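The values are calculated or read from the model by the stated rules, or taken from the named source; none is laboratory data. Quick caveat, the model's predicted, so the values are computed rather than measured. Note that we place each Cβ from the backbone using ideal geometry, even for glycine, and neighbour counts take in every protein chain shown.
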There are 2 protein chains.
Amino acid sequence: MSESPVIAIDAMGGDFGPNVTIPAAANALERQSDLKFHIFGNEAQVRPALDQYDALKKVTEFTHTDIAVSGTDKPSRALRNGKGSSMRLAIEAVKEGKAHGIVSAGNTGALMVMSKLILKSLPGISRPAIASVMPTQTGKTVMLDLGANLECDAEILTQFAVLGAVYARVVQGVMTPTVGLLNVGTEEMKGHDEIRAAADVLSKVEFPGKYHGFIEGNDITKGTVDVVVTDGFTGNVALKTAEGVAKLTKHFLTDAFKSSPLAMIGYMLSKGAMQKMKDKVDPRKYNGGMFLGINGICVKSHGSSDVLATENAILVAADLIRNDFNNQVAAEIERLMEQESFVEALGV
Amino acid sequence: MSESPVIAIDAMGGDFGPNVTIPAAANALERQSDLKFHIFGNEAQVRPALDQYDALKKVTEFTHTDIAVSGTDKPSRALRNGKGSSMRLAIEAVKEGKAHGIVSAGNTGALMVMSKLILKSLPGISRPAIASVMPTQTGKTVMLDLGANLECDAEILTQFAVLGAVYARVVQGVMTPTVGLLNVGTEEMKGHDEIRAAADVLSKVEFPGKYHGFIEGNDITKGTVDVVVTDGFTGNVALKTAEGVAKLTKHFLTDAFKSSPLAMIGYMLSKGAMQKMKDKVDPRKYNGGMFLGINGICVKSHGSSDVLATENAILVAADLIRNDFNNQVAAEIERLMEQESFVEALGV
């Protein structure tokens, strides 16, 4: 798209609200000078923060609201009480065409339910998914679903494959992304009915990627495929398990470096290299859970995000907008549903 | 138990067969001098290895067979063709009371199916589970199921909780082990029906542990609970994802130390400390998938295990035997099934 991306920001979301969201927007603007913002939040908190960034102020439309969705509300409650909230107004801005996408660090469940209600799913997508990019030994992989849909049948898993493949192609520039289904083994007979049925469909249909087959948990970080497809229960547990192991390693590494004077000197000497490694796997650089399949770009920033992490989530949204992600998905889903092999394989 | 543990060894299992299993048994014997062995395998391969260890020879009964279960066979095929195989003979030795437990690095599916068929499940256990110990920030946790049962209802998950809790108590010495159900969030309404029903049962019944509640993927390595209970699909993916992240970190760490002459010197100085850390998380020290719930001790060693890893699997079996694990489980399961709250909560 040639237009400048306009991003609606739910300034009140997350643990730190405008103190993080506003500097993050300012930093994103420094990185991409054509960005525009529509910021929603409580004026008393947003204005002082915004007043510190002249460049940001110039490209920002601000709307005051004193309603904010709580991070602990059930989605149903947030939906009932969240009318006029910063989250809802930001989503409505996308619906009304005033913004191209929304970034929020608020309540994940509420954001998903509100987005689906207001923006709806893309045509042909039964269930939008949460996707995120993860570092691997060979580069990056995109994994979905990370928790939006706990149980997924073959049709839904196939749609996830399309969403992931289009993302890898148009945003990451991988022409023919490989797609793997996360399973307990790589042999054909492994896994439950739904995943075997999905494998059957994916091996028959044409979609903007190449079906690799089943993969196992260790394949995620090995970089075996460009797109990891799984149900939201498994994906959520796998992602958080990975985060936990990364923290455990950091914990053990710190202990090791502190264990003797020699090791501490060793650390001082290798500090630069260690910092580079830390930068490479810095979770803040992978922040931004993309709600793929919603008819409007929607990116969830982690609740505890700092400025760098939030900036990254904003740039993830800008990337999806610039690459016209949703129209590309819609075209691919239409192409999928026209295929006889898809209809036959699913027996619909 | 006061008797010496007698361990049946499937010498032909795993990638390296007797070249690894025999030295591993010899090393285990050096660590625990009262161990006895019953070794099954091809004489032409086992004898030359065994002849190198006099002490081991003295406490070993050897049985020749030229049949071995292939690592790639489907369990059903292994069952049909595996009569007289080293794996099956070793299991039968346990059935006949000639050995207290079996260790095999062979085909996991075949070992589980054969063990269930020949040894049966413990009374009251519907489905034996694969369990393993994992390192955490605060010590160790035991996790099950790791792949034996892809779909699990509340009753099965409750039995896993008992199996895990008895293990943590009798083998790891934790008097009141905490048990968590692996889920996508810690709030009560999270997850699918089965896991919520299991939470309901576990919060009502008396069992040899304390129900902690739902835990998330990152809680596994945080050490939030002593026992992590999950279905075999999720557990398998989580375990392998954890292994993958550990490998990724090692890969990045090696890269970092090699990235500059200064970092290399830093590595030389901190080498001792790094080695200690590596030892701490050495996967070989966590080798030994315990088939809990089988009426006979059965430990699966990883197919690619080396001598140290196999030795560890043998010691895991010895630990279970010495602590009379199965009788303790049987007593706890009986106590569970006598509880009205258990029967009521399950609606059976």
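Descriptive notes on the structure:
- Filtered residues of the range A:115-143 (kept if of a type outside the set (S, T, N, Q), under 23 Å from A:Ala78 (Cβ atoms) and within 14 Å of chain B (Cβ to nearest Cβ)): A:Ala129, A:Ile130
- Which numbered condition A:Phe252 misses (of (1) over 20 Å from B:Lys250 (Cα atoms); (2) aromatic (Phe, Trp, Tyr); (3) in a helix (DSSP H, G or I)): (1)
- Qualifying position, being outside any strand (DSSP E or B), more than 17 Å from A:Gly303 (Cβ to Cβ) and either within 14 Å of the chain's Cα centre (by Cα) or not aromatic (Phe, Trp, Tyr) (or both), among A:Ala131, A:Ala99: A:Ala99
- Residue ID - surrounded by the fewest Cβ atoms within 10 Å (Cβ to Cβ), chosen from residues in the range A:1-49 that are among the polar types (S, T, N, Q) and not in a helix (DSSP H, G or I): A:Ser2
- Any chance B:Glu61 is part of a helix (DSSP H, G or I) and without any contact (Cβ under 8 Å) to a residue 40 or more places away in the chain: no
- When B:Ile265 is tested against (1) within 14 Å of chain A (Cβ to nearest Cβ); (2) modelled with pLDDT under 90; (3) surrounded by fewer than 21 Cβ atoms within 10 Å (Cβ to Cβ), exactly one condition is not met: (2).
- In the set (1) more than 7 Å from chain B (Cβ to nearest Cβ); (2) closer than 30 Å to A:Val162 by Cβ; (3) among the polar types (S, T, N, Q), A:Thr234 fails one condition alone, (1).
- Look at the range B:64-76: where a residue is farther than 17 Å from B:Ser115 by Cβ and a partner is surrounded by fewer than 17 Cβ atoms within 10 Å (Cβ to Cβ) and of a type outside the set (S, T, N, Q), sitting 6+ places away or on another chain with Cβ atoms under 6 Å, you get B:His64/B:Glu43; B:Thr65/B:Gly84; B:Ile67/B:Gly84.
- For A:Phe214, the stated conditions hold: it is outside any helix (DSSP H, G or I) and either among the aromatic types (Phe, Trp, Tyr) or within 7 Å of chain B (Cβ to nearest Cβ) (or both).
- The one condition in (1) modelled with pLDDT under 95; (2) surrounded by 24 or more Cβ atoms within 10 Å (Cβ to Cβ); (3) facing chain A (nearest Cβ under 10 Å) that B:Gly209 fails to fulfil: (3)
- Scanning the range B:173-189 for residues that are surrounded by 16 or more Cβ atoms within 10 Å (Cβ to Cβ) and either away from chain A (no Cβ under 14 Å) or touching a Lys or Arg at 6+ places or on another chain (Cβ under 8 Å) (or both) returns B:Val174, B:Pro177, B:Thr178, B:Val179, B:Asn183, B:Val184.
- Residue in the range B:294-311 that is out of contact with any helix residue (DSSP H, G or I) (no Cβ under 8 Å at 6 or more places or on another chain), assigned to a helix (DSSP H, G or I) and outside the structural domain of B:His38 (by TED's automatic domain parsing) present: no
- Count of residues meeting criterion [in contact with a Lys or Arg (Cβ under 8 Å, 6 or more places away or on another chain) and of a type in the set (Phe, Trp, Tyr)] in the range B:232-266: 1
- Within the range B:66-97, restricting attention to residues that are in contact with a strand residue (DSSP E or B) (Cβ under 7 Å, 6 or more places away or on another chain) and under 19 Å from B:Lys120 (Cβ atoms), the residue that is nearest to the other protein chains (Cβ to nearest Cβ) is B:Met87.
- Screening the candidates A:Thr234, A:Thr224, A:Thr241 for the property of being in a loop (DSSP other than H, G, I, E, B) and either closer than 17 Å to A:Val142 by Cβ or in contact with a Gly (Cβ under 8 Å, 6 or more places away or on another chain) (or both) yields one hit, A:Thr224.
- Every condition in (1) part of a helix (DSSP H, G or I); (2) within 24 Å of the chain's Cα centre (by Cα); (3) polar (S, T, N, Q) holds for B:Thr72 except the one numbered (1).
- Screening the candidates A:Ala105, A:Ala44 for the property of being small (Gly, Ala, Ser) and over 23 Å from the mean Cα position of the chain (by Cα) yields one hit, A:Ala44.
- Of all residues in the range B:168-193, those satisfying the criterion of being assigned to a loop (DSSP other than H, G, I, E, B) and within 19 Å of the chain's Cα centre (by Cα) are B:Val171, B:Gln172, B:Gly173, B:Val174, B:Pro177.
- Subset of the range B:212-227 that is surrounded by fewer than 20 Cβ atoms within 10 Å (Cβ to Cβ) and of a type in the set (Gly, Ala, Ser) - its residue that is farthest from the chain's Cα centre (by Cα): B:Gly213
- Unmet criterion (only one of (1) in contact with a Leu (Cβ under 9 Å, 6 or more places away or on another chain); (2) part of a helix (DSSP H, G or I); (3) in contact (Cβ under 8 Å) with a residue 24 or more places away in the chain) for A:Ala165: (1)
- Residue among B:Thr234, B:Thr249 that is modelled with pLDDT under 95 and in the same structural domain as B:Met143 (by TED's automatic domain parsing): B:Thr249
- Of everything in the range A:123-148 that is closer than 20 Å to A:Leu320 by Cβ and polar (S, T, N, Q), the residue that is surrounded by the fewest Cβ atoms within 10 Å (Cβ to Cβ) is A:Ser132.
- One residue from A:Thr254, A:Thr249 being closer than 26 Å to B:Asp279 by Cβ and at the interface with another protein chain (Cβ under 7 Å from one of its Cβ atoms): A:Thr249
- Where a residue in the range A:274-287 is under 21 Å from A:Met143 (Cα atoms) and without any contact (Cβ under 8 Å) to a residue 60 or more places away in the chain and its partner, wherever it lies, is loosely packed, with under 15 Cβ neighbours inside 10 Å and not small (Gly, Ala, Ser), with Cβ under 7 Å and at least six apart: none
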